[in-house]
Amino acid sequence: MKRSYVIIGVLVILAFLLYRFFVGTQNNVVTKDENVKGKWAQVENQYQQRLDLIPNLVATVKGVAEFEQSTLTKVIEARASATQIKVDANSLTPENIKKFQAAQGELSAALGRLMVVSEQYPQLKANQNFLELQATLEGTERRIAVARKDFNEAVQDHNTYIRKFPTSLLAGMYGATPKGFFEADAGANKAPKVEF
């Protein structure tokens, strides 16, 4: 009789441990997935703030009559292209992240050209509205970098967790798939050439 109680006790404990393992693993997968989605929302928020600044920046620059129209056109076109690429938080695949990053990179390049060209216009550099917009844009770029770093850290945590044994055995069952990272921009691994 005692032996059957011991066997039943061991089976109950074993069943409880298995249940906790399955439920604990699922809860951790959900928590890590939601963390990635939250960090993605912050990335999108910062990029949206940058997109919202561009019309004011373009309007201010247009006030300088002889400003290069082709530069403004490229910024406007890059902004339009960047607004077309949306990535759902449920499909953060490496391919989707690359498309999003490419569109945002084109916009960054166009804004960079705009800032370089604006240096040639003293009346623009003296415009208080332009200077404030430029400072706000610089702050936004820094916040974008931080949001991207935080997102990549969350993705790394998520991807590592679902690939570790024994979680890897259950992750697919729970629908967990690896998420994509933001990668360094092309040429970021080379130091810029400075000549005097």
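The values are calculated or read from the model by the stated rules, or taken from the named source; none is laboratory data. This is a predicted model, so every value here is computed, not measured. When we count neighbours, we look across all protein chains shown, and the Cβ atoms used for this are built from the backbone with ideal geometry, even at glycine.
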Q) Out of (1) over 23 Å from I76 (Cα atoms); (2) at pLDDT 95 or above, what's the single condition that is false for R143? A) (1)
**Q.** Hey, A103 surrounded by fewer than 16 Cβ atoms within 10 Å (Cβ to Cβ) and either of a type in the set (A, V, I, L, M) or more than 13 Å from the chain's Cα centre (by Cα) (or both) or not
**A.** no
Q) Quick one: what pairs do we get from region 145-165, first residue closer than 11 Å to V29 by Cα and touching a residue at least 60 places away in the same chain (Cβ under 8 Å), second of a type in the set (D, E, K, R) and part of a helix (DSSP H, G or I), C-beta under 7 Å, 6+ apart or different chains? A) D157/K32; H158/K32; H158/D33; Y161/K32
Q.
Tell me whether region 88-98 contains one or more residues that are modelled with pLDDT of 90 or more, crowded, with 18+ Cβ neighbours inside 10 Å and among the small types (G, A, S).
A. no
Q) N45 versus (1) crowded, with 16+ Cβ neighbours inside 10 Å; (2) in contact (Cβ under 8 Å) with a residue 40 or more places away in the chain; (3) within 19 Å of the chain's Cα centre (by Cα): which is the lone unmet condition? A) (1)
Q) Which of the residues spanning region 101-123 are at pLDDT below 90 and among the acidic types (D, E)? A) E119
**Q.** From A65, A59, residue being modelled with pLDDT under 90, loosely packed, with under 14 Cβ neighbours inside 10 Å and part of a loop (DSSP other than H, G, I, E, B)
**A.** A65
Q: Look at L133 and say whether it is in contact (Cβ under 8 Å) with a residue 60 or more places away in the chain, more than 11 Å from F182 (Cα to Cα) and surrounded by 15 or more Cβ atoms within 10 Å (Cβ to Cβ).
A: yes
Q | When residues of region 149-196 are limited to those that are assigned to a helix (DSSP H, G or I) and among the basic types (K, R), the one modelled with the highest pLDDT | A | K149
Q: Return the total of residues in region 152-183 being under 26 Å from K99 (Cβ atoms) and surrounded by 12 or more Cβ atoms within 10 Å (Cβ to Cβ).
A: 21
Q: Scan region 48-65 residue by residue and report those that are over 23 Å from the mean Cα position of the chain (by Cα) and free of Cβ contacts under 8 Å to residues at least 24 places away in the same chain.
A: V58, A59, K62, A65
(Q) Going residue by residue through region 69-81, is there one that turns out to be touching a helix residue (DSSP H, G or I) at 6+ places or on another chain (Cβ under 8 Å), within 20 Å of E141 (Cβ to Cβ), in a loop (DSSP other than H, G, I, E, B) and in contact (Cβ under 8 Å) with a residue 12 or more places away in the chain? (A) no
